Amino acid sequence: MADLVARRIHAPSLPEAPGATWSNALVIGDEISMSGVTARGADGRAIGGDSLRDQTLAIFQRIETLVRAAGGVRGSIYKLVIYVTDIARKDEVNAARRAFFASAFPCSTLVEVKGLVFPDLLVEVDAFANLRVNLNALAEA
C-alpha cells in the first residue's frame with residue numbers, strides 16, 4: 001500500500017499568520033482539509049464588520065481561494081462546518097450560502113459556540129473539498 005503524500009497549500013493573498021501552529025490547508029490525496037477560516041483582515045479587523053452575512057461571504061471567498069490554490073474549483077467544496085456566535089442570526093448565514101453557492105450546495109453543519117478567538121468574529125468555518133468532485137455537475141438521486 002502506497003502512502004498518501006500530504007502537501008501544504010499556500011495562497012499568496014491568504015498568508016498564514018506569523019508563528020502559526022497550524023496549516024491553512026492541506027491536500028492529502030485528492031482531499032483538501034482547511035483549518036477554521038475566519039474573516040479576520042490583515043488590519044486585525046473583521047471583514048464585513050458586524051454583518052454575519054458579509055463575514056460569511058468573506059470566509060467562503062477565502063475557502064475558494066485555498067481550493068483554487070490546491071487545483072480545485074468552487075464545486076470541489078463538499079462539506080462545511082459553520083460555527084456562529086448567535087444561532088438566531090442563521091438566516092444571514094443562509095443568505096450567504098445562497099449568494100455564494102447558488103444551487104450546488106455543499107453538505108453543511110451549523111452550530112452555535114460561546115465565542116471565537118477574537119470577539120469581533122461572528123463566524124468560523126471548517127471546510128472540506130475534493131479535487132475530483134464538482135458539485136456543479138451534481139446528479140440528483
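Taken together, the values in this text are just the output of simple stated rules run on the coordinates, not laboratory data. Every value quoted in this text rests on a predicted model; they were computed, and no experiment measured them. Cβ placement follows ideal geometry from the backbone for every residue including glycine, while neighbour counts extend to all protein chains displayed.
What the Cβ-Cβ distance of VAL113 and ASP43 gives, at R0 = 41 Å and to the nearest 0.05, is a FRET efficiency of 0.95. Between the amide H of ALA25 and those of ILE9, SER35, distances stay under 5 Å, these residues lying 5 or more places away or on another chain, with hydrogens modeled in the peptide plane. Rounded to whole numbers, the Karplus 3J(HN,Hα) couplings from phi for segment 96-111 are 5, 4, 4, 5, 8, 9, 6, 10, 8, 7, x, 4, 8, 10, 10, 9 Hz, using 6.51 cos²θ - 1.76 cosθ + 1.60 with θ = phi - 60°, and x at Gly and Pro.
Would you mind putting 109-116, 89-96, 31-38, 43-50 in packing order, based on average other-beta-carbon counts within 10 Å, highest first? Before the final figure, lay out each step's value.
Values: 109-116: 11.5, 89-96: 17.0, 31-38: 20.0, 43-50: 13.9.
Going from most to least packed, we get 31-38, 89-96, 43-50, 109-116.
Placing +1 on the Cβ of every Lys and Arg and -1 on the Cβ of every Asp and Glu, with nothing else charged, gives segment 57-141 a dipole about its Cα centre of roughly 280 debye.
Against the empirical 2.2 N^0.38 Å (N residues), segment 69-141 has a Cα radius of gyration ratio of 1.21. Residues whose amide H falls under 5 Å from that of GLY48, counting only those 5 or more places apart or on a different chain, are absent, with hydrogens built in the peptide plane. The HN-Hα couplings worked out from phi for segment 38-53 by the Karplus form 6.51 cos²θ - 1.76 cosθ + 1.60 (θ = phi - 60°) are 10, 9, 6, x, 4, 7, x, 9, 6, 5, x, x, 9, 8, 4, 4 Hz, whole numbers, x standing for Gly and Pro. Put a plus charge on the Cβ of each Lys and Arg, a minus charge on the Cβ of each Asp and Glu, and nothing anywhere else: the dipole of segment 12-108 about its Cα centre is then about 180 debye. In order along segment 12-21, the Karplus-derived 3J(HN,Hα) couplings, from 6.51 cos²θ - 1.76 cosθ + 1.60 at θ = phi - 60°, round to x, 7, 10, x, 6, 4, x, x, 4, 9 Hz, and Gly and Pro are given as x.
Kirkwood Rh over Cα pairs of segment 37-111 into Stokes-Einstein at 10 °C, 1.306 mPa s: D in µm²/s? Mind dumping the intermediate values first?
Numbers: Rh = 12.8 Å.
The estimated diffusion coefficient comes to 124 µm²/s.
Taking amide hydrogens as placed 1.01 Å from N in the peptide plane, the amide H of GLU112 sits under 5 Å from those of VAL84, each at least 5 positions away in sequence or on another chain. Dividing the summed -39500 (n - 2.57) terms of all DSSP H runs of n ≥ 4 by the residue count of the chain sets its mean residue ellipticity at 222 nm at -7000 deg cm²/dmol.
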